[in-house]
Structure formats: structure tokens, C-alpha cells
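Working notes, structure below.
Taken together, the values in this text are just the output of simple stated rules run on the coordinates, not laboratory data. Bear in mind that the values here come from a model prediction, so they are computed numbers and not experimental data. Cβ placement follows ideal geometry from the backbone for every residue including glycine, while neighbour counts extend to all protein chains displayed.
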Amino acid sequence: MEQRLQKIIAEMGIASRRKAEELIMEGRVTVNGQPAVIGMKADALRDHIKVDGKLLVTPEKKVYYIFNKPRGVVTSIGDPQGRPTVNDFLRGIRQRVFPVGRLDYDSEGMLFLTNDGDFAHAVLHPSKKIPKTYLVKLKGVLEEEDIEKLRNGIKIEGGMTAPAKVKRLRKTENNSWIEMTIYEGKKRQIRRMLERVGHPVIRLMRVRIDGIEMGDLGPGAYRRMTAEEMKKISKELQLGEAA
């Protein structure tokens, strides 16, 4: 879409419209190799606009997705060992997005994907204490005293963990399922906490972040975050309207 040149320059954060007009009049702006003039229009996506010889690049629209990471996939864009990565599942996303935080290779479930660095930083910052909820299949059955230890915090390598929320779901003869919510992101934290109380993890799936549900996404599938979800988490993170 064509717009007045000074408006394009201003929207890209180069200068105010008034200052952009001055840049044009001073001959410091070119469009497709030709000197710009006041009143000229251009298309920021199609035309090559330069200020002081530097090409202006239209910033990508910020996007936000929820992805269900399968087990046996690396939470990164590339892997030197050639293992499957999150990026292998994102063929339909035009923007270059990245995962917010990590899930272990053997873990599965909900990840945020975005190209918004401020959003990612806010979600991961320890001061925000964003709750993350997991379904966990573990060896054996948790006794009440073990649950109390988890609820009070467990000493692991690197210090004490923050208190966790734990709820029993169901059990079999040898194993059981629990729901566990933590508010920090130490490396392999849930696995290490449960190992400390003698119940190694068999399966670990993240299903909720800050009250936002993964829903019925199948492994390897993704969806855009809804306007309501973005409004909620932006408020929690004290961000402006992110989407």
C-alpha cells in the first residue's frame, strides 16, 4: 500500500514526520535509487527506501503462537546433532519465530512461539513468577509427606526450589499421575524435584502457562494465540497491547 514517504519514515521509527520532511528536502532520502521529493508516495513492502544510504526494512508483524512440542524434539531452531527441532514443524509460519523458554528433549507439551523479544523476556523473567502447569506420570505413588516436601520447596543442586502446587490425579499398581505447577524455570526442575523424593518421572507434559491452556492441539501442531489470551497475558506481564 502506498503512503506518503514521511509517514513511512516516521512509522519505522527513523524520525518524526516533520524531521522526515527535512531529510527529504536535504536530499538524504532515495526511493528505488532516485532522490525523493516532498509529496512522494511509496510502498514500504515493495519499494527500496534509503535514508543516508541505509535501506529501511519494514519490521515484521509481531506474532504469537502456542505449539505442542512432541517428545524427542529439541526446543531450538537448529541442532548440530541433527535431531528434530521445533523449526521442523513450523513450515506454515511466515515470520521467523523462536520458542519462549525450553522443554527437555524427553518432555512434551506447550510452548509459546513468537518474534517479539520483549514478550519473551517478560515471560521468562523470574520476577514475573509465571505459573506453568504439567501433567506428570511418575514411578510409584506419592505419599502425603512427599507432597508436602514439594509444596514447601525441595533442595536440589543450585539451591531451594520455590513451593510448588501438587494435585493427585490417578494411580495404577506401579505408577501414578499428578498435576504439578511451578513458578520458576530451573533446568530439569520437576524431574529433579521428584527424583529427590524417590519418584522418577516417566512422562512429563506441560499443559498450561499462566492460565492459558494448550487445548486439544495434537503433537507437532500449533495455533495462534487468541485476542483474549493475548489481552490476559499482556496484562499479567504489564505489557502494552502485544498483538
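The table that follows gives values for the structure above.
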item	result
Whole-Hz ³J(HN,Hα) from phi, Karplus 6.51 cos²θ - 1.76 cosθ + 1.60, for the range 29-46, glycine and proline x	10, 10, 10, 6, x, 10, x, 7, 10, 4, x, 5, 10, 8, 10, 4, 8, 10
Residues whose placed amide H lies under 5 Å from that of Ala36, excluding near-sequence neighbours	Val29, Thr30, Val31
Relative packing of 54-64, 125-135, which averages over residues the other C-beta atoms within 10 Å, highest first	125-135, 54-64
Antiparallel bridges, percent of DSSP beta bridges restricted to the range 106-224 (to nearest 5)	95
The chain: calculated mean residue ellipticity at 222 nm from DSSP helix runs of at least 4, using -39500 (n - 2.57)	-6000 deg cm²/dmol
Cross-link pairs beyond the 31 Å C-alpha cut-off, checked among Lys7/Lys69; Lys62/Lys128; Lys61/Lys129	Lys7/Lys69
Mean separation of Cα contacts under 8 Å, 6 or more apart, over the residue count of the chain: relative contact order %	19
Low-density loop positions, GluC sites (Glu not before Pro), the range 83-170 - DSSP coil, at most 14 other Cβ in 10 Å	Glu143, Glu157
Filtered trypsin sites (Lys or Arg not before Pro), the range 83-126: DSSP coil and at most 11 other beta carbons within 10 Å	Arg91, Arg94, Arg96
